[in-house]
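The structure appears below as structure tokens.
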Amino acid sequence: MLEKNPYYNFYSVGEKIFNNKLAAISYWDANNHSSRIIWNYYHYDNEMNKLNYTIEPSESLQELYLHRAKKLREEYQYLILFYSGGHDSNQILETFFLNNIFVDEVCIWTHSKKINNPDQILSIIPDCFEPELSAIPEVQYYVERYSPHTKITVIENFEEVYQKYWINFNFQSNVMDKFIKSSSPGILNKFTPRTKDLTLLNPNWQTILEKQKTCFIFGKEKVRIGHDKLGFYIRAYDNDVVDHVDIHMPLSIKEQPYYVELFYNHPFHVKIHLKQAYVIVNSVPKIKLVDYLRTGTRRNEDFIASLIYQRKYKRIYSGLKYNDLPYWVEKNKIKSTYIIDSYDANNSFFLKANNQALRNYILYNKILQRIFFKDFKPLTNHQEYSYLINHYRKICINKNIYRIKMNE
């Protein structure tokens, strides 16, 4: 039963309920936006409401992280941690390694070395150099020092896997029906196999799934804090979940049970979010915090991370964030035609390297557009799937607000 999945979620517009975000937006459009689109994060809300969220949890963040790591180790036979070298995934890795909790495998994916124009690739994916310059040497050090039996897997051809996915995409009605009913249609730059079947990255994982209950762990997502005239609050965002966990496609391509865990954002471990929120709001003056929460620049992210994470070893390299790009371009006097203000940047950039992959990707978008937005009459292929992307990138939030009481 879907309702038993800890990440169970759905959209609602008035009294109507939808699994698929595009279906919810389509209905919302057809009804002149008369009701808000609400993202319902069912178990998260239930568990948060069991707590007195106006009181800071007594446990430390490190205690809560450790408890989460122990539970993952108890529940699964084989743990695969996706490691970017960033703050979120590094806290997870240190929580396991420094407390002698075994992780079977650490995986890092890198961008193709065939792309040899740094300005070009950096403007599309600002943090693209982090895997090679930071994540790989860092994880090698951690493994050698703390967990020599942990396997390190580096995926160097992820663009090829991505292209192959769309080259071989199956347009049969039974497959399309699954995608239409799924949580995420796979049209953003989230690397589609990530929500559909991670074993496409590494065929060896399929063999592991057949023998052991396997979990893929992502460092998603630290608490989301909002602010209004009444103060600070916690609220859940749909893209933190549905772009990483598709509860409607729980099996791999070979029909094996498939498990993805978001380390920080788990409905049965909501104390992590609650404690993170309290630590943040009580560590920074109110006016300054509002500024830090407004934009996701590297400076702001590093500062927030310093409040809620402990890092034993200094980060080797730290790349830019999307919001840093305008300043970086201006500072370096670069006139780049590759800066694309779109969540579709990865798709339009990497899939262009293979005509068949791009054609299938556009065709898939056309089918979705005809199903959900049949009244739209585009002039070009690009307009057609851009229209769909711009609809889907709309962030939906849950209806519940969890107020945080600041120390005066």
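The numbers here are math on the coordinates, done by the rules we state, and not lab data. Nothing here was measured: the structure is a model prediction, and the numbers come from that model. Using ideal geometry, Cβ is built from the backbone for each residue, glycine included, and neighbour counts are taken over all protein chains shown.
Structure above, values below:
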| quantity | calculated |
| --- | --- |
| Size-normalised alpha-carbon gyration radius of the range 190-229, reference 2.2 N^0.38 Å | 1.78 |
| Gained length - HIS33 relative to TYR313, 0.36 nm times residue gap less alpha-carbon distance | 95.8 nm |
| Taking LEU251, LEU358 and counting other C-beta atoms within 10 Å, the order from fewest to most | LEU251, LEU358 |
| q = 0.14, 0.15, 0.16, 0.20 Å⁻¹, the range 218-305: log10 I(q)/I(0) [Debye, one scatterer per Cα] | -0.58, -0.65, -0.72, -0.99 |
| At 1.002 mPa s and 20 °C, Stokes D of the range 125-170 from Kirkwood alpha-carbon radius, µm² per second | 168 |
| Cα lying deepest toward the dipole's positive end in the range 1-63, options ASN31, TYR11, MET48, charges on Cβ | ASN31 |
| Computed E for ARG359/GLN172 - FRET, C-beta separation, R0 22 angstrom, nearest 0.05 | 0.80 |
| Aspartates and glutamates with Cα under 15 Å of LYS21, excluding same-chain neighbours fewer than 8 positions away | ASP29, ASP177, ASP238, ASP240, ASP243, ASP246 |
| Label-point separation, LYS405 to PHE268 (7 Å along Cα→Cβ), nm | 3.0 |
| Distance between modelled label sites at SER283 and GLU210, nm, 7 Å Cα→Cβ extension | 4.6 |
| P(r), alpha carbons of the range 151-196 - 5 Å bins starting at zero, rounded % | 5, 18, 25, 25, 13, 8, 5, 1 |
| Theoretical FRET efficiency, 1/(1+(r/R0)^6), r = Cβ-Cβ of LYS374 and VAL290, R0 45 Å, to 0.05 | 0.60 |
| Summed side-chain charge close to TYR142 - residues other than TYR142 whose Cβ falls under 14 Å, Lys, Arg +1, Asp, Glu -1 | +2 |
| Nearest-0.05 FRET efficiency for LYS229 and ASN52, computed from C-beta distance (R0 30 Å) | 0.80 |
| Largest-first principal axis extents, alpha carbons of the range 5-71, Å | 48, 25, 15 |
